[in-house]
1. Are there any pairs with C-beta distances below 8 angstrom linking a residue in the stretch 37-66 that is closer than 26 Å to PHE98 by Cβ to a residue that is of a type in the set (D, E, K, R) and part of a loop (DSSP other than H, G, I, E, B), with the two at least 6 apart or on different chains, and if so which?
2. If we scan the stretch 84-102, do we find a residue that is within 30 Å of ARG164 (Cβ to Cβ), touching a strand residue (DSSP E or B) at 6+ places or on another chain (Cβ under 6 Å), open to solvent by 20 Å² or more (accessible area, probe 1.4 Å) and modelled with pLDDT of 90 or more?
3. What helices (runs of 4 or more DSSP H) lie completely within the stretch 32-101 and have 1 or more residues being under 26 Å from the mean Cα position of the chain (by Cα) and more than 25 Å from GLN131 (Cα to Cα)?
4. Read through the list (1) open to solvent by 50 Å² or more (accessible area, probe 1.4 Å); (2) within 21 Å of LEU102 (Cβ to Cβ); (3) in contact with a helix residue (DSSP H, G or I) (Cβ under 7 Å, 6 or more places away or on another chain), then give the number of the only condition that ASN154 fails.
5. In the stretch 33-60, which residues are of a type in the set (Gly, Ala, Ser) and surrounded by fewer than 14 Cβ atoms within 10 Å (Cβ to Cβ)?
6. State which residue pairs qualify: first residue assigned to a helix (DSSP H, G or I) and inside the stretch 165-187, second residue among the polar types (S, T, N, Q) and open to solvent by 10 Å² or more (accessible area, probe 1.4 Å) in any location, beta carbons under 7 Å apart, and separation of 6 or more residues or different chains.
7. If I ask for residues that are closer than 16 Å to LEU110 by Cβ and either at pLDDT below 95 or not small (Gly, Ala, Ser) (or both), which ones from the stretch 139-176 would you list?
8. Can you name the residue in the stretch 189-202 that is in contact with a helix residue (DSSP H, G or I) (Cβ under 6 Å, 6 or more places away or on another chain) and of a type in the set (A, V, I, L, M, F, W, C) and, of all such residues, is farthest from ALA228 (Cα to Cα)?
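The values are calculated or read from the model by the stated rules, or taken from the named source; none is laboratory data. For clarity, every value in this text was computed on a predicted model and none was experimentally measured. Note that each Cβ is placed from the backbone with ideal geometry, even for glycine, and that neighbours are counted across all protein chains shown. For accessibility, only protein heavy atoms count, side chains too; no ligands or nucleic acids. Shrake-Rupley method; radii C 1.70, N 1.55, O 1.52, S 1.80 Å.
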Amino acid sequence: MPTPQLIAFDADDTLWPNQPHFDYAEAQLFALLTHYADADTLGKRFYEVWRSNMHLFGYGAKSFMLTMIETVIELTNGTVTGTEIQQILDHGKRLLDFPIELLPHVEEVLEELRHRGIPLMLLTKGDLFDQESKLARSGLGDYFDHVEIVSEKNEATYRRILTRYGVQPQDFAMVGNSLKSDVLPVAKLGGLAIHVPYHATWVHEQVPADQLAGIPFQHAESLKEALAYLI
């Protein structure tokens, strides 16, 4: 397989942990609010509200905060206290400034690809300010020739980005932990999609096994292993 002309990396849970911070905040808030509803009820309604409002709220910490507040207001018939809403906001704010700790082999892999002169892109979805802040806190900015922060990662998005950069799908590689966002759209377009799984996967990024049948993509247990598919 020829070396790609452009290699893109997902950010959250590919270059640095993200989902565990959200899982922790969620667990803390569910424990705080159990006098209104049990954790299962809170969780189920929380994801229903988030799914229905995703076209308005999008992804990220701010969306998390708004969804949690709306869910609790609904489940309590408006009796949730201002103090409890403030606690939701406090947990959400911590999701906007947590220290970035790189996952194994990240700098090693990026350094090797940069050394070989392959253009690199950070391609992630979510809130613009939130994702820009994470990249700045990560210290990885200088490795990337391009940064694209999008509202959704689907075939149309990838097609638009490839057209903008003048790259054919067969000359493009995408590395990420999400089958839904990083792998399936790119594989369907004819690009090289490399799945590097992370131990925690957001429920909205999970893909039923039957949707993977016949889809050509590569699997790597780590970024270091993924490197073999890229050079």
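1. From residues that are closer than 26 Å to PHE98 by Cβ, the pairs are GLY58/ASP127; TYR59/ASP127; GLY60/ASP127; ALA61/ASP127; LYS62/ASP127; SER63/ASP127.
2. Our first condition is that a residue be within 30 Å of ARG164 (Cβ to Cβ); within the stretch 84-102, this holds for 96, 100, 102.
Then keep just the ones that are touching a strand residue (DSSP E or B) at 6+ places or on another chain (Cβ under 6 Å); that gives 100, 102.
Filter again for open to solvent by 20 Å² or more (accessible area, probe 1.4 Å), leaving 100, 102.
Next, from what is left, pick out any that are modelled with pLDDT of 90 or more: 100, 102.
Yes, the conditions are met somewhere in the stretch 84-102.
3. Details: elements: 39-57, 61-75, 82-94.
Those helices (runs of 4 or more DSSP H) span 39-57, 61-75.
4. (2)
5. Here is the first cut: in the stretch 33-60, the residues of a type in the set (Gly, Ala, Ser) are 37, 39, 43, 52, 58, 60.
SER52, the sole residue that qualifies.
6. ASP171/GLN5; PRO185/ASN154
7. To start, the set of residues in the stretch 139-176 that are closer than 16 Å to LEU110 by Cβ comprises 139-147, 173-176.
Passing the criteria: LEU140, ASP142, TYR143, PHE144, ASP145, HIS146, VAL147, MET174, VAL175.
8. Initially, the stretch 189-202 is screened for residues in contact with a helix residue (DSSP H, G or I) (Cβ under 6 Å, 6 or more places away or on another chain), giving 189-191, 193-196, 200, 202.
With of a type in the set (A, V, I, L, M, F, W, C) added as a condition, the list becomes 189, 193-194, 196, 200, 202.
Values: LEU189: 22, ALA193: 13, ILE194: 11, VAL196: 13, ALA200: 24, TRP202: 27 Å.
Result: TRP202.
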